[in-house]
Amino acid sequence: MLLKKFVPAVLCCLLALTSFCQNESKVAAYINKYKEVAIKEMIRSGVPASITLAQGILESQSGESDLAQRSNNHFGIKCKTEWTGAKTYHDDDEKGECFRVYNSVEESYADHSDFLKNRPYYTFLFKLDPTDYEGWAKGLKKAGYATSSTYAQQLISLIQRYNLQEHTLVALQRSKQQEGDLFAYSNEEKAASSTATTFEIASKSDQQVSKVEEIATPAVVVEEPKKANDTEQTIATKAIVKTAVYNVTEYPGGPFTINATKVILAKEGTSLLALANEFGVSYKRLLEFNEMDESTDILGYDQLIFLAKKPKKGSKDIHVVEKNETLEIIAQKEGIQLEALLSYNRIPKGKQPQQGEKIYLKANSPVTPKLVASN
C-alpha cells in the first residue's frame, strides 16, 4: 500500500525535476546566444547587459514566447505613436494590443536600448552606476515598463541566479579599453560630446547615484511642436508644464477628494495603466476623466489624476491664474471638466489665460480673460 503511494510521488518529483532542468537549459542557451548582443548594446547605449538579458529572458520566455517567435520582439515593446515599422496584434494588458515587429532579434535588442535611451521617463536610470542592477530593476518598475508588482524582483532574481552581472562587467572592461578610461558622468559633458560612452560614472563617491532619487526642478512651460493630426484640444493639452506648479505638500499621499471627486497626486514616472489597474478603473476611462489622449502612458511630471469623472461646476466661484498655470492644470486643481472651463470663460481651444486673470468655475464670465499671445 505504501509502495503504491510512494511510486506516484517519486514520478511527480522526477517530472518536476525534468521540467526544471529543461527550463534551466533553455535559459542558459538564451544567455549564451545573446550575451554578445547585450554587451555590444551596453557599450553603444549604456543599458546594462545584465538588465537587457534579464528583461529578454523574462519578456520573451527565453525566446520561446509567441511574440518573440513570430515578431522577433524579445522585450514586449508596444507600437506607440512614433512607430512606423511592421506591426502585429497580441492580447496583453488589453485585447488586441499593437506590438512592434522586427526583422531580427538583434534589431529588437537595439530598439530596446533606444526605447530606454530616448524616452524622458527613463532618463534618471542613466544616472545610476551601470553595475547597480537593483537600482535599474526598481527604476524600470517605477517608470512603468511593466505592470507586474514583482517585475523588479523577477529581474533581480534572474541576474543573481544566472550571474548576468558578469556580462555588464565585460562590457565595462571593453568600454574602458576602447575609450582609454572611464570618465565622470555629468549632464554638461553628455551635451558637449555626443560620442561619449554612456558609462560616464562619477569619480567621486558623493557624485555617484546608487539609488533612484526624486529630484525637484523649477516649473518650466514647454510647447511641443504641432503635428498634422493634432486637434486643437490636443495641442492645448500638450502645452504642458514640465514640472507642474503643484505644491505637493498640500496633498496627502493616498486618494483624497477635490470638488467631491476622488483624486490622487501621481508622481513623475507613474504608469497610468498601472494606476488604473490599482484602483479598478479602465485605462480608457482614466484618460477620459483627466482629458488625456491615448498617447499618454507614463507621466512626465507630478500631477493630479482623477479616479472618477469631474463635475461641470467647481466648488468655488473663481480661480485666479497663478504663474505657469494652464487651463489643464486649473481644471485638475479645481476638479472641474476642462470643456466647462472653456465654455464659462469663452476661451477658444488651444488658448491660455494670462497670469492674474479670473477664471470662472460655476457660471459664465462677464468678460473673456486676457489670453497669452500666440507665437
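Key figures for this structure:
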quantity: Residue under evaluation Thr52, criteria (1) within 22 Å of Ser295 (Cβ to Cβ); (2) touching a residue at least 60 places away in the same chain (Cβ under 8 Å), criterion not met; calculated: (1)
quantity: Among (1) in contact with a Phe, Trp or Tyr (Cβ under 6 Å, 6 or more places away or on another chain); (2) assigned to a loop (DSSP other than H, G, I, E, B); (3) of a type in the set (A, V, I, L, M, F, W, C) - the single one Leu116 does not satisfy; calculated: (2)
quantity: Test: residue in the range 18-27 that is acidic (Asp, Glu), modelled with pLDDT of 95 or more and assigned by TED's automatic domain parsing to the domain that holds Asp114; calculated: no
quantity: Qualifying residue in the range 319-332 (condition: in a loop (DSSP other than H, G, I, E, B), on the phi < 0 side of the Ramachandran plot and at pLDDT below 85); calculated: no
quantity: Contacts under 6 angstrom Cβ, first residue in the range 89-104 being more than 18 Å from Leu273 (Cα to Cα), partner aromatic (Phe, Trp, Tyr), 6 or more apart; calculated: Arg100/Trp83
quantity: Filtered residues of the range 71-113 (kept if over 16 Å from the mean Cα position of the chain (by Cα), assigned to a loop (DSSP other than H, G, I, E, B) and among the hydrophobic types (A, V, I, L, M, F, W, C)); calculated: Trp83, Ala86, Val101
quantity: Selection status of Leu125, over 15 Å from Ala274 (Cα atoms) and part of a helix (DSSP H, G or I); calculated: yes
quantity: Count of the range 130-178 residues which are assigned to a loop (DSSP other than H, G, I, E, B) and at pLDDT 90 or above; calculated: 8
quantity: Residue match in the range 35-51 (condition: of a type in the set (Ser, Thr, Tyr), modelled with pLDDT under 90 and either surrounded by 18 or more Cβ atoms within 10 Å (Cβ to Cβ) or part of a helix (DSSP H, G or I) (or both)); calculated: no
quantity: Filter pass, Tyr162 being buried (at least 22 other Cβ atoms within 10 Å of the Cβ) and in contact (Cβ under 8 Å) with a residue 24 or more places away in the chain; calculated: no
quantity: Residues being assigned to a loop (DSSP other than H, G, I, E, B) and either free of Cβ contacts under 8 Å to residues at least 60 places away in the same chain or surrounded by fewer than 22 Cβ atoms within 10 Å (Cβ to Cβ) (or both) - total across the range 336-349; calculated: 6
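Residues checked against (1) surrounded by 18 or more Cβ atoms within 10 Å (Cβ to Cβ); (2) of a type in the set (Asp, Glu):
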position	(1), (2)
Asp66	no, yes
Lys78	no, no
Thr88	no, no
Cys98	no, no
Phe124	yes, no
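The values are calculated or read from the model by the stated rules, or taken from the named source; none is laboratory data. Keep in mind the model is a prediction, meaning the values are calculated, not measured. Using ideal geometry, Cβ is built from the backbone for each residue, glycine included, and neighbour counts are taken over all protein chains shown.
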